[in-house]
1. Any idea which residue in the range 27-39 is most open to solvent (accessible area, probe 1.4 Å), counting only those that are within 22 Å of D11 (Cβ to Cβ) and of a type in the set (D, E)?
2. Going by the conditions given, is Y89 hydroxyl-bearing (S, T, Y), open to solvent by 30 Å² or more (accessible area, probe 1.4 Å) and at pLDDT below 95?
3. Among (1) open to solvent by 60 Å² or more (accessible area, probe 1.4 Å); (2) touching a residue at least 24 places away in the same chain (Cβ under 8 Å); (3) part of a loop (DSSP other than H, G, I, E, B), which single condition is A73 missing?
4. Looking at (1) in contact (Cβ under 8 Å) with a residue 40 or more places away in the chain; (2) among the small types (G, A, S); (3) surrounded by 16 or more Cβ atoms within 10 Å (Cβ to Cβ), which is the only condition G21 fails?
5. Looking at the range 46-59, can you tell me whether even one residue there is in contact with a strand residue (DSSP E or B) (Cβ under 6 Å, 6 or more places away or on another chain), modelled with pLDDT of 95 or more, assigned to a strand (DSSP E or B) and open to solvent by 30 Å² or more (accessible area, probe 1.4 Å)?
6. When L42 is evaluated against the numbered criteria (1) among the hydrophobic types (A, V, I, L, M, F, W, C); (2) touching a residue at least 40 places away in the same chain (Cβ under 8 Å); (3) open to solvent by 40 Å² or more (accessible area, probe 1.4 Å), which criterion, by number, is the only one it fails?
Amino acid sequence: LEVGGLDFRPDGRLLIATRFGEVWEYDEGRWSRFADGLQEPLGVLVDPASGSAYVGQKPELTELTDMDGDGAADVYRTITSAWGFSGNYHEYVFGPVRDRAGNFYLTLN
């Protein structure tokens, strides 16, 4: 799977981000795709309050939300893309992590 990020939802379900641009959810022995079409996400962070997942992908930090409750993200919202992106295959974004004030931090490489 080339996993680039892992995080758990408050109810124990596992989310993984893969380098191939997908986010998968594992629950009670079953995998389901939560999101796809991302550009090499190398980090995933679950917001326990909203249930949204944040992924750091090459061009941006993205919030993924399942609005209709079907188990798949239907809203992909850009939080920031302030660092720019040239398309170089060595441009990676790792993270996010969040501090107590709610600020996001990413590592750009």
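1. Per the stated criteria, the residue is E28.
2. Details: hydroxyl-bearing (S, T, Y): yes; open to solvent by 30 Å² or more (accessible area, probe 1.4 Å): yes; at pLDDT below 95: yes.
Judged against the criteria, Y89 is a match.
3. (1)
4. (1)
5. no
6. For L42, the failing item is (3).
The values are calculated or read from the model by the stated rules, or taken from the named source; none is laboratory data. Given the structure is predicted, the values throughout are model-derived calculations rather than measurements. Virtual Cβ from ideal backbone geometry, glycine too; neighbours counted across all protein chains shown. The area values use the complete protein model at the heavy-atom level, side chains included, leaving out ligands, DNA and RNA. Shrake-Rupley method; radii C 1.70, N 1.55, O 1.52, S 1.80 Å.
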